[in-house]
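Taking it in order: structure first as structure tokens, then the write-up.
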Amino acid sequence: MEIPVSGPSFYDVQAVMATDWSSAVDALEQALCDGLDPELDPIRSRVEAVSGELLLMPSASPAWVGTKLVTVCPRNPDRGEPLVQAVYVLFDGDTLRPVATMDGTALTVLRTAAVSTLAARCLAPASSTRLVVFGSGVQARGHIAALRDSFALRDVTIVDPAAERASALARDLDAKVATPDEAEMLVAEADIIVCATNAGVPLFDGEAVRKGSLTIAMGSYTPTTREVDSSLVARSLVAVESRHSALAEAGDVIIPMAEGVLEEDDLVTLATLVTEAPTIDPDVPRLFTATGMSWQDLVVAAAIHSNSGTSIDGANTHH
């Protein structure tokens, strides 16, 4: 058996995050325009571990095959470690040869913020200037950077009970800090609201959210947890990555459906928003809720590798 002399290229955190936000967003948009159907993507599988869980997220296209191995350790944030950590492996779609590995934690930050930004391009007012972000972790940082790349944001506020961490992020990103007690006042004035927390219950009163604004809820990925309440869901146009993933994992959708305020037919998919540009009632709030899907990792990982100029036979040059 012949073993290749050179192995797959490796992309570390710096190499992954060197990808500009608009390139990642454009790659996702192009994939949907080219006919990629998120409804065909497999639901992630889970393996329980002593300290948390291991998730497997595979996806395939004609040109590429890939999978992400993800660990979730709830105790990590208290120890100064990331809650979510991952590694990604990309294979050539024809030979199925592994062509790249990359830091999956950085890839998750990049693709998640890019997906949210793609939804915001479809749903948020083009004139949006006021952003409120709940949370001060890596996803909060990524969403602020990605949304600033697509919108002329002049007023960014971070809401988090962890005041020291929130203040540090605010200093880095030229943003303001507020306490959860100020949430209702802030969301009432916001053009875009991002929920990027590991909270299991709603972060604010949905009645306070104004018409025409966009709320992005991406921190919850289980059927029993959510970041927004049913009153906001009942008032909003609700958009999801795919119906099957939302119905399987998104507590922000599953719980309101169980309460009778949302029907499956009410859900608008991201693919529909991108490819059909449906007319949206200006007098209702918009909500995009996402759990993260395997096709998103595959599309962005393939874009990173393709744009690097590394051939399938390239050496390990990304460290």
| field | region 181-196, residues that are open to solvent by less than 30 Å² (accessible area, probe 1.4 Å) and either within 22 Å of Arg121 (Cα to Cα) or among the basic types (Lys, Arg) (or both) | value | Leu186, Val187, Ala190, Asp191, Ile192, Ile193, Val194, Cys195, Ala196
| What's the number of the condition Asp297 fails, among (1) in contact with a helix residue (DSSP H, G or I) (Cβ under 6 Å, 6 or more places away or on another chain); (2) within 23 Å of Val228 (Cα to Cα)? | (2)
| Hey, any hits in region 170-179 for a residue that's of a type in the set (Val, Ile, Thr) and open to solvent by less than 40 Å² (accessible area, probe 1.4 Å)? | no
| task | With respect to Asp155, determine if the residue is open to solvent by 30 Å² or more (accessible area, probe 1.4 Å) and among the charged types (D, E, K, R). | result | yes
| field | Residues being open to solvent by 60 Å² or more (accessible area, probe 1.4 Å) and either under 25 Å from Cys33 (Cα atoms) or within 17 Å of the chain's Cα centre (by Cα) (or both) - total across region 248-281 | value | 8
| note | Every listed condition ((1) assigned to a helix (DSSP H, G or I); (2) open to solvent by less than 30 Å² (accessible area, probe 1.4 Å); (3) of a type in the set (Ser, Thr, Tyr); (4) over 26 Å from Tyr11 (Cβ atoms)) holds for Ser167 save (2)
| From the list Asp281, Asp252, Asp265, Asp229, which one is over 17 Å from Leu123 (Cα atoms), among the charged types (D, E, K, R) and in contact with a strand residue (DSSP E or B) (Cβ under 8 Å, 6 or more places away or on another chain)? | Asp252
| task | Answer with yes or no whether Leu55 is within 18 Å of the chain's Cα centre (by Cα), in contact (Cβ under 8 Å) with a residue 60 or more places away in the chain, more than 22 Å from Gly135 (Cα to Cα) and open to solvent by less than 60 Å² (accessible area, probe 1.4 Å). | result | no
| query | Out of (1) within 20 Å of the chain's Cα centre (by Cα); (2) open to solvent by 30 Å² or more (accessible area, probe 1.4 Å), the odd one out for Tyr88 is which? | reply | (2)
| field | Hits in region 276-298 (condition: of a type in the set (Val, Ile, Thr) and over 16 Å from Ala86 (Cβ atoms)) | value | Thr279, Ile280, Val284, Thr289
| request: Filter region 282-303 down to the residues that are open to solvent by 10 Å² or more (accessible area, probe 1.4 Å), over 11 Å from Leu237 (Cβ atoms) and of a type in the set (Val, Ile, Thr), then identify the one that is farthest from the chain's Cα centre (by Cα). | output: Val299
| Going by the conditions given, is Thr117 in contact with a Ser or Thr (Cβ under 9 Å, 6 or more places away or on another chain) and over 25 Å from Ala175 (Cα atoms)? | no
| said: Return the residues of region 203-222 that are at pLDDT 95 or above and either in contact with a His (Cβ under 9 Å, 6 or more places away or on another chain) or in a loop (DSSP other than H, G, I, E, B) (or both); say none if nothing qualifies. | reply: Leu203, Phe204, Asp205, Val209, Arg210, Lys211, Gly212, Ser213, Ile216
| Can you name the strands (runs of 3 or more DSSP E) wholly within region 1-98 that have at least 1 residues being within 20 Å of Asn307 (Cα to Cα)? | 9-11, 52-60, 64-72, 84-92
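The values are calculated or read from the model by the stated rules, or taken from the named source; none is laboratory data. Because the structure is predicted, anything quoted here is derived from the model rather than measured. Glycine gets a Cβ as well: all are built from the backbone with ideal geometry, and neighbour counts include every protein chain shown. Quick note on the areas: whole protein, heavy atoms, side chains included, nothing else; ligands and nucleic acids left out. Shrake-Rupley method; radii C 1.70, N 1.55, O 1.52, S 1.80 Å.
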